[in-house]
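Here is the structure we will look at.
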Amino acid sequence: MTKQHELMVTAGSLQECAAYMDAGASELLIGDACYGIRMPGYFSDSDIREAVRLGQARNVKVMMSMTNIMTNDMLRLLPDYILFLKDAGVHAVEYSDPSVLAAVKTYAPEIRLHWNGEMMSTNYATANYWGRKGASRVAAAKELSMDEILELKQHLEIEAQVQVHGMTNMYHSKRRLVESYMIHQGRPVKNGSLDKDRGLFLVEADRVQEKYPIFEDEHGTHIMSSDDICILEDLHLLLQAGIESFKIDGFMKPVSYNTAVIKAYRSAIDAYTADPGKYKFREEWLDMIRELQDPERELTFGFFYKEQVY
């Protein structure tokens with residue numbers, strides 16, 4: 001047997017929480033409408049308590065996303081909110097802004113801190129810096145290659161989390177860019193919405209086959225990747241390296257799809273954990289995902305093997 005490897009999944013409702021736990025998730029990442037960002041759905045206080053209760057009954061850890069851009073108004077709400085999360089029994093908080101780390105250390109030091117600097121989580125020195133400040137895990141940047149992730153892990157003093165499946169965020173602005181564009185075009189949005197359910201895409205003239213989901217919500221404008229990361233075939237490399245947590249981002253995906261993805265990765269993780277020496281990737285694991293994959297969204301290795309010019 002090898003060390004335990006966690007399988008984290010983002011969830012947008014209590015129904016999703018239950019379904020993903022049953023499918024094999026060992027960690028759930030949820031968020032509320034204030035501090036969470038780009039989540040499949042937002043949880044009320046009572047839902048957060050119920051999600052934690054469901055997790056405790058099934059030995060699944062529930063974590064809160066608090067990676068939104070912090071404003072002064074949000075800072076004033078932090079102490080009471082952190083105390084609520086403590087009382088609810090939340091296992092960990094995923095943060096990017098130091099104000100969240102400071103509040104958790106002050107009001108609920110028993111809650112674990114996971115640093116997610118998005119594209120800034122690129123090196124072990126910075127990750128270990130946050131570790132010495134109180135973080136117990138770093139969420140590696142999606143732009144890192146496989147070699148960079150493996151090197152990062154070799155020098156880390158804290159746990160590592162890697163996204164292994166799902167879409168990624170490419171751009172975020174607090175400004176409402178789509179609404180401004182439509183007003184400029186003389187087509188203001190009336191009694192409508194520009195949220196993720198609207199189904200808007202950004203398309204380049206010379207690459208019309210690439211469709212980038214774009215939407216706006218109370219946190220601004222978001223542009224998402226045109227494809228989905230899927231590292232299932234080479235998951236064993238990350239398992240061998242000792243990565244502690246593998247993230248499946250279920251954003252903008254149906255529950256049936258996410259459930260199939262969880263089961264596939266759970267099968268691979270369990271097979272490796274049972275006997276690393278005899279582990280072998282099975283094509284049927286990937287077939288489970290391919291059967292439900294959106295034909296307009298390609299499964300790719302993301303940046304894991306993509307050459308980049310710095």
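The values are calculated or read from the model by the stated rules, or taken from the named source; none is laboratory data. Given the structure is predicted, the values throughout are model-derived calculations rather than measurements. Note that we place each Cβ from the backbone using ideal geometry, even for glycine, and neighbour counts take in every protein chain shown. Only protein heavy atoms, including side chains, enter the accessible area calculation; ligands, DNA and RNA are left aside. Shrake-Rupley method; radii C 1.70, N 1.55, O 1.52, S 1.80 Å.
Things worth noting here:
- Cross-link pairs Lys61/Lys133; Lys86/Lys196; Lys105/Lys153; Lys142/Lys253; Lys86/Lys142; Lys86/Lys253 - those with Cα-Cα distance over 28 Å: Lys86/Lys196; Lys86/Lys142; Lys86/Lys253
- Cα→Cβ-extended label distance, 7 Å offset, between Gln154 and Asp234, nm: 1.6
- Residue-level accessible surface for Lys105, protein heavy atoms, 1.4 Å, Å²: 110
- Theoretical FRET efficiency, 1/(1+(r/R0)^6), r = Cβ-Cβ of Thr273 and Asp294, R0 35 Å, to 0.05: 0.70
- Spherically averaged projected area of the chain from its Cα convex hull (nm²): 17.3
- As a rough guide to protection, the peptides 272-282, 41-51 ranked by mean Cβ packing within 10 Å, highest first, stand as 41-51, 272-282.
- Of the peptides 64-72, 162-170, 298-306, the ranking by mean beta-carbon count within 10 Å, highest at the top, reads 162-170, 64-72, 298-306.
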